[in-house]
1. Considering only segment 6-22, I want to know if a residue exists there that is more than 16 Å from the chain's Cα centre (by Cα), of a type outside the set (S, T, N, Q), within 30 Å of Glu157 (Cα to Cα) and surrounded by 14 or more Cβ atoms within 10 Å (Cβ to Cβ).
2. Does Thr156 satisfy the condition of being of a type in the set (S, T, N, Q), modelled with pLDDT of 85 or more and surrounded by 14 or more Cβ atoms within 10 Å (Cβ to Cβ)?
3. Give me the residue from segment 172-190 that is open to solvent by less than 100 Å² (accessible area, probe 1.4 Å) and at pLDDT 70 or above and, out of that set, farthest from Asn9 (Cα to Cα).
4. Which members of segment 25-48 meet the condition of being aliphatic (A, V, I, L, M) and touching a strand residue (DSSP E or B) at 6+ places or on another chain (Cβ under 6 Å)?
5. Keeping to segment 34-70, report how many residues are in contact (Cβ under 8 Å) with a residue 40 or more places away in the chain and among the basic types (Lys, Arg).
6. Considering segment 134-153 alone, what residues qualify as being among the charged types (D, E, K, R) and open to solvent by 80 Å² or more (accessible area, probe 1.4 Å)?
7. All but one of (1) in contact with a helix residue (DSSP H, G or I) (Cβ under 8 Å, 6 or more places away or on another chain); (2) not in a loop (DSSP other than H, G, I, E, B) hold for Gly170, so report the exception by its number.
8. Could you list, in sequence order, the residues of segment 13-32 that are in a helix (DSSP H, G or I) and of a type in the set (A, V, I, L, M)?
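The values are calculated or read from the model by the stated rules, or taken from the named source; none is laboratory data. Quantities reported herein were computed from a predicted structural model and do not represent experimental measurements. Using ideal geometry, Cβ is built from the backbone for each residue, glycine included, and neighbour counts are taken over all protein chains shown. The protein model used for the area step is the full one, side chains on, heavy atoms only, and it has no ligands, DNA or RNA in it. Shrake-Rupley method; radii C 1.70, N 1.55, O 1.52, S 1.80 Å.
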Amino acid sequence: KVWIGIGSNLGEKMENIKSAVSQVRALEGVRRVSRTSFLYESPPALVQEQPNFLNGVIEIETKLDPYSLITSLQGIEDHMLRDRSQIRYGPRVIDLDVLIYQDGTIISDPPTLTLPHDQLINRPFVLQPLHDLCPELEIPGKNMRVDEALTLLKETEDYKGLRRVLPWIGGGVVDMTDRTLIMGILNCTPDSFSDGGKYID
């Protein structure tokens, strides 16, 4: 198993993420996307003058080695017209990062690839969705689990700025950290109320 961070803060962010997940699923060498985290909206880090980000994590099963996988993910980013001329930590249509290989692979080969991801334990917007999927996962080379790393960040402003969100009509999102806004059931079958359609007119 491999965990991949996914984020967007330009254009139709939700559609960008859905498209990227579909393209990851279709990669040769990827057996399947086995699980996806909740999505989180957060203010930009470091470079402030840009839109908020939408972030999540996906879990995949793959036979691709780390270098082949990162090359394939960068191909998806290029296909989605990510502008690599932007400043580092600047806005992007899509961002795909290899976070952790379950087999404990450790690689230090910057700027090409670092595993686990070199900023993993410093980013609540990555750790929280990763925690949704595997809180007890050991972070290779860090001597801590995902839940332990996240606990260390819970008093930071970056963590407090996270909002768990759900997709909403028109490409927007609903804040799931707030109170319930709408709750209801709509049943449109002819016998909605077990009257056999007697009052359908």
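1. Looking only at segment 6-22, we keep the residues that are more than 16 Å from the chain's Cα centre (by Cα), and these are 11.
Next cut, of a type outside the set (S, T, N, Q) only: 11.
Within this subset, residues satisfying the condition of being within 30 Å of Glu157 (Cα to Cα) are 11.
Now narrow it down to the ones that are surrounded by 14 or more Cβ atoms within 10 Å (Cβ to Cβ): 11.
There is at least one residue in segment 6-22 that is more than 16 Å from the chain's Cα centre (by Cα), of a type outside the set (S, T, N, Q), within 30 Å of Glu157 (Cα to Cα) and surrounded by 14 or more Cβ atoms within 10 Å (Cβ to Cβ).
2. no
3. It comes out as Gly184.
4. First, pick out the residues of segment 25-48 that are aliphatic (A, V, I, L, M): 26-27, 30, 33, 39, 45-47.
Within segment 25-48, Val30, Val33, Leu39 meet the criteria.
5. 1
6. The initial filter retains those residues of segment 134-153 that are among the charged types (D, E, K, R), namely 136, 138, 142, 145, 147-148.
Selection gives Glu136, Glu138, Lys142, Glu148.
7. (1)
8. Met14, Ile17, Ala20, Val21, Val24
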